[in-house]
Amino acid sequence: MHPDEGYKNFTVLYKELSESLLNLNEANTRAKIIDRFLKECLGWPESAITREDRNDVGYTDYQLIMSNRTQIIIEAKKTGEYFEIPPAQYRRHFKVGGVLQSIPNLTSALNQARNYSVDIGCKYAAIFNGHQLVIFSAITIGKSWKEGYCVVFHSLEDFKMNFALIWNILSYDSIRSGSLVSYVDFVKSDLVFQKLIQGIHNRDQTYARNDLYTYLQPISNFIFSELLDEARTEVLKQCYVFDRSNSQLGDEFNVFFTDRLPHFSQKFKIKEILEREKKGGVFEREFLSKKQNQNRNRKGSLMVLLGGIGSGKTTFIHRFFKIVLADHENLLWFYVDFRYTSPSPDVIQAYILEKISQEWDEKYSQLLSPLLSDIGFAVNEPDKKVYFSKLFNLLNRLGFSISLIIDNVDQHDINIQERIFMEAIHLTDLFKTVIIMSLREETFLTSTKTGVFDAYDIPKFHISSPNFISVINSRLDFAIKVIPTEFNFSPDVASKLIKYFKIIKSSLILGNPQSERLINFMESISVGDIREALRMFNYFTVSGNTDVTEIFKIFDDTGAYQIAYHQFIKSIILGERRYYVQDKSQLMNVFDFDTSITDSHFTQLRILQYLKNRQNKSSKSRIGRGFVDINELINSTEEISIPRPVVIDSLSRLAYFRLIELDNQSKTNIDEASFVRITPAGIYYVNSELISDFTYLDTIFVDTPISDIVVFDNLKPLIDVIELIKRIERTETFINYLVQAEESEYSSRPEYNGHELTQRRFAAEIREKFLTQKEYILSRV
């Protein structure tokens, strides 16, 4: 039922009740008011309502049931039994054990409903006399039920004026979405939060890029980006990484982080690609088999290449044709990239044909025109579909193999993706070509649910992300090698650039605590996305927060330089910006939250810890180790009155920064997800490696909501200080605020004590680790 329909039906009921001034007994109150209110106004189906159900302490008037579980019981009273609740125009919540205990008939009804709830194990109850409604939590954890709060609607007029609120609490659809926890158990405090960043003039201020930026940019464009165009084939050849393990990580990260076949691989017969220097593994064998079938039987076929975001699918394809198959004669391949277009369904075919035409003109037309002319092929056909159908069939008979690559399809919504897939099937039959289509794993999984891929027997392959440090080292080595010859730099500039890259590379050599911290940080935070990892690396090399002058000075004085962990993460967090703003940063502020729905800085960390505790457990749905049912998580949070909207908001934030992984593999579409697990990035945060680090805390405090006005005023004049002692002072002030906020939560919510989600006190740990860091930093000063 739509809420508008519910309100319309309520206005009819309201008019009837207002005009008749009924004084009904309990039975008539139920039949003429409560039944109609539940079904006609709140959308409860008759099948979900149980009446007069017997239990050990009597009969419950109503049980509202969903998924074979009683969600709430309703104790009905006759309309004449009025509750003398104090007028509270601006107050909706009352403490059960407060002023309501002075109303004898209401106290008796509350106790009666509570006894029924306890007997049948139903957490929520309501008292309804036809024109007043009291909803409360009858079972609480860690405190007396009378310490809880109830939601009160005072009159029919109150119902009418606030029908949307009643709908959001008590309707069938709302209760299914967890409304009772949100509105009954969870009473948000009256704290007012402010962010320091909001008061900063020119909060988007940036620093100039570092001294080498002008020279680093062309190197970055040529070497530290995607290696797709023909001019960079040599870079692709020398920098391509076959190592797809992450053995440099510790056991906890390595087992969980290593990018391998997705959880649904066995079900859909997906094969893992293991490459060698001049080989493409099982993918090459399958392709050559399809190619032979194309030449022999004039038959086309489709292959699907799967991989996560930034795993290197596009790079693999270009290397496969440019290097692995470089010696194969008479092999023509056409590359269609959907990354930079937004096609409507009716122009997909035209776009593919136009790209084929462009590639034919650029790569093959001049080479093959003499041959085609000699055999008299001169089709005057303006229709590209007909033209290339005839051309490709002729070339096929002449011994040429035709391949079409359709890449980056998953840049578009699922409907467009499926239309492109169907178009690929059509062109496979028409052109008699081998078509390779690359997809993200999430796209493939979503499509299988609609049956599109299930309808065809298509070979499917998966490519895992390469080892991050191997990628960086191969690019650094190549840059150092070609800077003197491939770039038009003066000898002095070339010398500085080579020195800079050598310093960076030496800082990433395993064997000392700083380099190990850097490697763990980069491999954990990048979560297998090499494109993003390279972008993160570039952030550091060119950032205005990377002091190249200081690096060179120390190197020249001592003959060595180790890039420190704090230097690296500061550049990654801020880039060229002066102040931290979360939506402009590579790193998440785990203490940020939506102040309109919660007042806790720690929900995200608690969720991460909950998921970390389950990282080695098998999923109920067998989709993969560590996956947790989102409903299971929500049920657990509701036990301690953390409402569903807060959990969903937290999961959305964590997924966006890839601290968690959804089973649909999306970073943004949590509505379509059913399971979630923690990623290495999430483990890295929750293990306190990052969240207790001085540099991290010293940076993110400006974009954190703060409710204590004294703390806010104390931090405000310290925002722009650069002296280390002052920075330590402001960070300690911020940490102490987090400690106080956490302690306040535990003192006001006794149910937190002893519950798994709230066993760990994060702020206290952070302060303890910070004090150790502080002592070390001051000793170095």
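The values are calculated or read from the model by the stated rules, or taken from the named source; none is laboratory data. All of these numbers come straight from a predicted model, not from anything done at the bench. Positions of Cβ are backbone-derived with ideal geometry, glycine not excepted, and every protein chain shown enters the neighbour counts.
Numbers at a glance
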{"quantity": "Subset of the stretch 66-85 that is assigned to a strand (DSSP E or B) and farther than 26 Å from residue 12 by Cα - its residue that is farthest from the chain's Cα centre (by Cα)", "calculated": "70"}
{"quantity": "Residue in the stretch 635-643 that is in contact with a helix residue (DSSP H, G or I) (Cβ under 7 Å, 6 or more places away or on another chain), among the aliphatic types (A, V, I, L, M) and over 25 Å from residue 516 (Cβ atoms) present", "calculated": "yes"}
{"quantity": "Residue within the stretch 354-372 that is farther than 17 Å from residue 436 by Cα, touching a helix residue (DSSP H, G or I) at 6+ places or on another chain (Cβ under 7 Å) and of a type in the set (S, T, N, Q) present", "calculated": "yes"}
{"quantity": "Selected residue [in the same structural domain as residue 357 (by TED's automatic domain parsing), modelled with pLDDT of 85 or more, more than 36 Å from the chain's Cα centre (by Cα) and surrounded by 23 or more Cβ atoms within 10 Å (Cβ to Cβ)] from 402, 436", "calculated": "402"}
{"quantity": "Restricting the stretch 136-176 to residues that are of a type in the set (S, T, N, Q) and under 28 Å from residue 754 (Cβ atoms), the residue that is modelled with the highest pLDDT", "calculated": "137"}
{"quantity": "Residue satisfying condition, being over 22 Å from residue 658 (Cα atoms), surrounded by fewer than 19 Cβ atoms within 10 Å (Cβ to Cβ) and hydroxyl-bearing (Ser, Thr, Tyr), within set 636, 618, 641", "calculated": "636"}
{"quantity": "Residue tally, condition among the small types (Gly, Ala, Ser) and crowded, with 20+ Cβ neighbours inside 10 Å, over the stretch 674-691", "calculated": "2"}
{"quantity": "Any hit, the stretch 699-707, residues being in the same structural domain as residue 608 (by TED's automatic domain parsing), in a loop (DSSP other than H, G, I, E, B) and at pLDDT below 90", "calculated": "no"}
{"quantity": "Positions within the stretch 132-147 being in a loop (DSSP other than H, G, I, E, B), surrounded by fewer than 21 Cβ atoms within 10 Å (Cβ to Cβ) and in contact with a strand residue (DSSP E or B) (Cβ under 9 Å, 6 or more places away or on another chain), in sequence order", "calculated": "139"}
{"quantity": "Index of the failed condition, residue 314 passing every other in (1) more than 30 Å from residue 531 (Cβ to Cβ); (2) at pLDDT 85 or above", "calculated": "(1)"}
{"quantity": "Conditions (1) in contact with a strand residue (DSSP E or B) (Cβ under 9 Å, 6 or more places away or on another chain); (2) in a helix (DSSP H, G or I); (3) farther than 24 Å from residue 751 by Cβ: number failed by residue 651", "calculated": "(3)"}
{"quantity": "Matching residues, the stretch 94-109, being touching a helix residue (DSSP H, G or I) at 6+ places or on another chain (Cβ under 7 Å) and surrounded by 17 or more Cβ atoms within 10 Å (Cβ to Cβ)", "calculated": "94, 96, 100, 106"}
{"quantity": "Matching residues in the stretch 111-136 - criterion: being more than 14 Å from residue 82 (Cα to Cα) and among the aliphatic types (A, V, I, L, M)", "calculated": "113, 118, 120, 125, 126, 135"}
{"quantity": "Some residue of the stretch 723-730 being in a loop (DSSP other than H, G, I, E, B) and over 30 Å from residue 611 (Cα atoms)", "calculated": "yes"}
{"quantity": "Selection within the stretch 716-728 - over 13 Å from residue 196 (Cβ atoms) and surrounded by 15 or more Cβ atoms within 10 Å (Cβ to Cβ)", "calculated": "727, 728"}
{"quantity": "Test: residue in the stretch 548-561 that is touching a residue at least 24 places away in the same chain (Cβ under 8 Å), in contact with a strand residue (DSSP E or B) (Cβ under 9 Å, 6 or more places away or on another chain) and of a type outside the set (Asp, Glu)", "calculated": "no"}
{"quantity": "Tally, over the stretch 210-226, of residues that are over 15 Å from residue 537 (Cβ atoms) and not in a helix (DSSP H, G or I)", "calculated": "1"}
{"quantity": "Number of positions in the stretch 13-65 that are exposed (fewer than 14 other Cβ atoms within 10 Å of the Cβ), part of a helix (DSSP H, G or I), in contact (Cβ under 8 Å) with a residue 12 or more places away in the chain and under 45 Å from the mean Cα position of the chain (by Cα)", "calculated": "0"}
{"quantity": "Qualifying residues in the stretch 187-242 (those that are exposed (fewer than 13 other Cβ atoms within 10 Å of the Cβ) and among the small types (Gly, Ala, Ser)) - the one farthest from residue 550 (Cα to Cα)", "calculated": "189"}
{"quantity": "Some residue of the stretch 406-419 being modelled with pLDDT of 90 or more and under 32 Å from the mean Cα position of the chain (by Cα)", "calculated": "yes"}
{"quantity": "Contacts under 6 angstrom Cβ, first residue in the stretch 613-641 being outside the structural domain of residue 144 (by TED's automatic domain parsing) and aromatic (Phe, Trp, Tyr), partner outside any loop (DSSP other than H, G, I, E, B) and at pLDDT 90 or above, 6 or more apart", "calculated": "627/675; 627/677"}
{"quantity": "Matching option when the condition is under 18 Å from residue 504 (Cβ atoms) and surrounded by fewer than 20 Cβ atoms within 10 Å (Cβ to Cβ), among 554, 597, 525, 569", "calculated": "554"}
{"quantity": "Counted residues, the stretch 577-587 - those being surrounded by fewer than 20 Cβ atoms within 10 Å (Cβ to Cβ) and either over 15 Å from residue 207 (Cα atoms) or in contact with a helix residue (DSSP H, G or I) (Cβ under 8 Å, 6 or more places away or on another chain) (or both)", "calculated": "7"}
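Table: residues versus (1) of a type in the set (Gly, Ala, Ser); (2) farther than 19 Å from residue 57 by Cα.
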residue: 83; (1), (2): no, yes
residue: 93; (1), (2): no, yes
residue: 112; (1), (2): no, no
residue: 152; (1), (2): no, yes
residue: 166; (1), (2): no, yes
residue: 171; (1), (2): yes, yes
residue: 178; (1), (2): yes, yes
